[in-house]
1. Can you give me the pair-distance distribution of the range 164-223, C-alpha pairs, 5 Å bins, whole percents?
2. Give me the Kirkwood hydrodynamic radius of the range 1-64, using the inverse of the mean 1/r over all pairs of distinct Cα atoms, in Å to one decimal.
3. Within the chain, how many Lys pairs that are eight or more residues apart, or on different chains, come under 20 Å at the alpha-carbon?
4. Ordered by packing density, taken as the mean number of other Cβ atoms within 10 Å over each peptide's residues, highest first, how do 190-199, 57-66, 206-215 rank?
5. Given the -39500 (n - 2.57) contribution per DSSP H run of 4+ residues, what per-residue ellipticity at 222 nm results for the chain, rounded to the nearest 500 deg cm²/dmol?
6. Among D76, D182, what is the fewest-to-most ranking by other Cβ atoms within 10 Å?
7. Any chance you could list the semi-axes, whole Å, largest first, of the equivalent ellipsoid that the Cα gyration tensor gives for the chain, using √(5λ)?
8. 5 Å is the cut-off here: which amide hydrogens, built 1.01 Å from N in the peptide plane, fall below it relative to I82, excluding neighbours closer than 5 in sequence?
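What follows is calculated from the coordinates using simple rules that are stated; it is not laboratory data. This is a predicted model, so every value here is computed, not measured. Methodologically, a virtual Cβ is constructed for each residue, glycine included, from the backbone with ideal geometry; neighbour enumeration extends over all protein chains shown.
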Amino acid sequence: MNLIIQGALPVAAAQLDHLGLLAQSRQRVQIAAQAFRLTEARAHPDIAPYCLANRLDYGFVPQDRSLKDFGLVVMDMDSTLIEIECIDEIADMHGLKPQVSTITEAAMRGEIDFAESLRRRVALLEGLDEHALQRVYDERLIISPGAETMLAALKSRGIRTLLVSGGFKFFTERLKERLGLDYTESNTLEIAGGKLTGKVIGKVFDAQGKADSLVKTREALNLEPGQVIAIGDGANDLKMMAQAGISIAYHAKPVVREHASYALNFVGLDGMINLLGHE
């Protein structure tokens, strides 16, 4: 196995030496500014706690695995591809961010059914002027660190991208055009007379919807499950991640980290390329 070590800050030589000893690795290769590959590495129980204490991300990757093995990357939007939770910021325009954020957090931890949580949150937005959506996009939406680097690397290899979100089409469609994504699927807010009605149109696009969208796109591209990577942060991403060959928890809730193939807790989304980009 290769042991990939990366950090948001420069990785110290002493840290790499210590991890090399734990993993019984005899060689290390720098693969990015703050990422290294320790070759022929072995698992050791002290590696995970050491990395956590030193704010390092790590992952054991088979030596023969690389991005050429994949054809589709599926990702969540809120708090994954972008740094914000759009519905929380929309609610802030209505003076209701604390109430909505509390429901959002409970849903992401898996304490409330997502569809029910979305209906409750959207209901609080009734009467808000539709221009608030554009204000959130223009003033508050921030692309996650490393996202554009990751997407450029995927595009250069011909890997398709699917953005799935329990959030709203208003944002996913704009991100699709802005970032050159291949596919998107999300919820549509109902608007009447220039105001949000407090409802979504049609069935709520939830955790099962994300999983179904992944499978549908994978089959349309004639890919096997092992050729798909899924990236998410909340409990409503777990069904989707279970359908992928590799799942990555990005700055995620504990329940998601527990079930993911890899966790990126400190670095940006380009950390996925450092993990799997070896060719």
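1. All Cα pairs considered, the percentages come to 4, 17, 21, 22, 19, 10, 4, 2, 1.
2. Numbers: mean 1/r = 0.0883 Å⁻¹.
The answer is 11.3 Å.
3. 18
4. Numbers: 190-199: 14.0, 57-66: 16.4, 206-215: 20.8.
Top to bottom by mean Cβ count within 10 Å: 206-215, 57-66, 190-199.
5. On the way: 12 runs with 108 residues, N = 279.
That comes out to -11000 deg cm²/dmol.
6. Least to most surrounded, the residues fall as D182, D76.
7. On the way: eigenvalues 255, 76, 52 Å².
Values for the chain, descending: 36, 20, 16 Å.
8. Here the answer is S144, since their amide H atoms fall under 5 Å of that of I82.
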